[in-house]
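Taking it in order: structure first as structure tokens, then the write-up.
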Amino acid sequence: MKIAVLGTGGGGRAHAAKLLELGHDVHVGTRDPEATLARTEPDMMGNPPYRQFLADHPGIHLHAFAEAAAAAELVINGIDGANALKALTAIADQLADKTLIDYAVPYLYGAQMEHPWPTPFGTMPKLDPCDTDSLAEQIQRALPDVKVVKSFVTQEQDTVVNPEAIAGGDHTMFVAGDDAEAKKTVTELLDSYGWTDVLDLGDLVAARGMEMYAHMHGAIGMALGMGNHFGVKIVRR
Ligand SMILES: NC(=O)c1ccc[n+]([C@@H]2O[C@H](COP(=O)([O-])OP(=O)(O)OC[C@H]3O[C@@H](n4cnc5c(N)ncnc54)[C@H](OP(=O)(O)O)[C@@H]3O)[C@@H](O)[C@H]2O)c1
């Protein structure tokens, strides 16, 4: 399948590499391909320059966001949460009628980050929107002819594409969205990643809980210690 991954961060790289391995035609989107290829320093998360990632993964195509979306049947949003709505709205024509898997967290960093929390940094970014709305719902309202499915967001980049790395894969992934066919497509993609327990949370309103889980995910990560990977398992009666 022709799949676009909008985003060159760690999550976007994980999905692009996995999709390439699975035999898909992978089109990655970035703001300015020339500028992205000209970078020689690791990004703020320590990921090596993108041109190195491309050299290590021949076959992945790098474009501007609009061209990547235009080239694909299925699109993954890995644009950072504070900027995703604006960037996706700008390419509404290229996204029209497609399924968009959104895994972004609407964290606000920087000056708005003054949110005391006992992290190694003393703060946590603020979630906005939160509680009565979600980024996924904002995207859906802005792009009514796009089928938005929230997924991936509860899992880290290394293990979302390799669920077997935790408890042999015995943990749960979630999907939420208003279009049943789109959720089926995403569930099939998750199956191909190795997920065996995909829980449909219903309409896109459930994205609120998935995005707000980011704080819980952070707290669990800190409790277990940096570098320890984990998953969520829903245990039924
Ligand atoms: N990584 C994970 O494990 C993980 C897990 C769950 C959820 N998330 C969430 O998913 C989102 C993406 O995470 P990520 O780690 O893959 O990547 P990221 O580093 O958060 O974001 C990278 C992407 O955001 C784009 N971007 C940054 N500022 C922008 C702006 N002003 N306008 C348009 N685009 C802009 C960058 O564009 P360029 O390519 O042009 O630099 C890049 O493609 C985040 O909200 C994150 O919190 C991440």
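Tabulated values for the structure
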| read-out | value |
| --- | --- |
| Residues of the stretch 220-237 with amide N under 17 Å of a point placed 7 Å along Cα→Cβ from residue 199 | 220, 230-237 |
| Partner lysines for residue 126 [C-alpha distance under 29 Å; skip if fewer than 8 residues away on the same chain] | 86, 147, 150, 183, 233 |
| Farthest positive-ward along the chain dipole, Cα basis, beta-carbon charges - from 40, 15, 212 | 212 |
| Residue 1/residue 165 FRET efficiency (R0 25 Å; Cβ-Cβ; nearest 0.05) | 0.55 |
| Gained length - residue 234 relative to residue 130, 0.36 nm times residue gap less alpha-carbon distance | 35.1 nm |
| Net charge dipole size for the chain [Lys, Arg +1 and Asp, Glu -1 on Cβ; Debye, nearest 20] | 300 |
| All-pairs Cα distance distribution in the chain, expressed in whole percent, bin size 10 Å | 8, 32, 39, 20, 1, 0 |
| MRE, 222 nm, helices only [DSSP H, n ≥ 4, -39500 (n - 2.57), over the chain, to nearest 500] | -10500 deg cm²/dmol |
| Projected label distance in nm at residue 92 and residue 34, using a 7 Å step from Cα toward the beta-carbon | 2.9 |
| Part-to-part distance (alpha-carbon centres) for the stretch 36-65 and the stretch 160-237, which is given in Å | 27 |
| Cα-derived Rg over Rh, computed across the stretch 109-237 with Rh taken as Kirkwood radius | 0.99 |
| Residue order, fewest to most beta carbons within 10 Å, for 147, 233, 98 | 233, 98, 147 |
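Bear in mind these aren't lab numbers, they're just calculated from the coordinates by the rules spelled out. Nothing here was measured: the structure is a model prediction, and the numbers come from that model. When we count neighbours, we look across all protein chains shown, and the Cβ atoms used for this are built from the backbone with ideal geometry, even at glycine.
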